[in-house]
Each structure stands twice: as C-alpha cells, then as structure tokens.
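Here is the structure we will look at.
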Amino acid sequence: MVKTTISQNLPQKIALKIIARLVESLGEKRVYRNTIFYDFPKPEAIVEAGIDKLYSPGLSRRKAEYVYGVARLVLEGCDIESLRKKNIGEAIRELKRIKGVGSWTAKLALMASTGNLSLDLLEDKAVSRGLTLPRL
C-alpha cells in the first residue's frame, strides 16, 4: 500500500527514487558481505517518524499523510494482507475506505500483492496510452 500510494500520479522513475529514500531513511539496515541492504520500513517506524520526516524523502505533504495513515491503520489492527483472500470487488471497496486510496491505488496494490494482472487499470493514462494502437 505504501509503494502504491507513493506511486500515485508520478512517473515510475521518480516514485522509485522516493521509495528508495524512504526505505534508506526508515528501514532497518543490514550488512551482508560488505553490501548494505535495507528492510522496507515497518509500520511502527513510519508512525514513529511522523508526517514531517515522511515529507523529507520527497513525498508531498498529502502523500506523507496518506502513508502515515496506512501505517497507523495497520498498527491499530487493520489486516490489509487478509484482503488478498477476498473477492476482488470486496477487497477494492475495503481499500477505498482508506484515506488517499482510490480505485487505481486499490487495484494496483491488489495486483502487486496477488499477482492478479487481470484487473482493469485503463483509467491510468500511461496504461491507456500504452494500449492505444497506432493508426495505419
């Protein structure tokens, strides 16, 4: 959910840079064979950081609030992972109850977590452009 929320209305290259900065600033650092790796930040780390620190990796103020809100929901007992087991329509409706999550975000998050690539993302301008066939 966090990655999908960050990716809203951004080119993929920029979204990936912001996600990487977030992971490096809040994720747990691990060193293996002189190479540094980071775990994705746990909800506790995101909530503890607060909205101002979420803003610093490049998130807009609003997206920082949304990411913070998702982490708080998880800490308060919302089991987002269980939505993968529900039918798609029900899972999308539940995800859309989260502030900052619309159809696109819900569908993309479900696609990423379930591997179900059959969800319709035609409202995405980039997807729509990519599927437009050139005229002969």
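Helix-only estimate, please: 222 nm mean residue ellipticity of the chain, summing -39500 (n - 2.57) across DSSP H runs of length 4 or more and dividing by its residues, to the nearest 500.
My calculation for the chain gives -17000 deg cm²/dmol from helical runs alone.
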message: Tell me which trypsin sites (Lys or Arg not before Pro) from the stretch 9-62 have a DSSP coil assignment and no more than 12 other beta carbons within 10 Å of their own.
response: Arg33
- prompt: What net charge do the residues around Glu28 carry, taking every other residue with its C-beta under 10 Å from that of Glu28, with Lys and Arg at +1 and Asp and Glu at -1?
  reply: +2
query: Do any GluC sites (Glu not before Pro) in the stretch 1-83 lie in a DSSP loop with no more than 11 other beta carbon atoms within 10 Å, and if so, which?
result: Glu76
query: For the chain, what ratio Rg/Rh do Cα atoms give with a Kirkwood hydrodynamic radius?
result: 1.01
Longest to shortest principal axis, alpha-carbon extents of the stretch 1-79, angstrom: 37, 31, 23
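Read-outs: derived from the displayed coordinates by stated rules, not from any lab. The shown structure was predicted, so the numbers you read here are calculated from the model rather than taken from an experiment. A quick note on method: Cβ atoms are made from the backbone with ideal geometry, for glycine too, and the neighbour counts reach across all protein chains shown.
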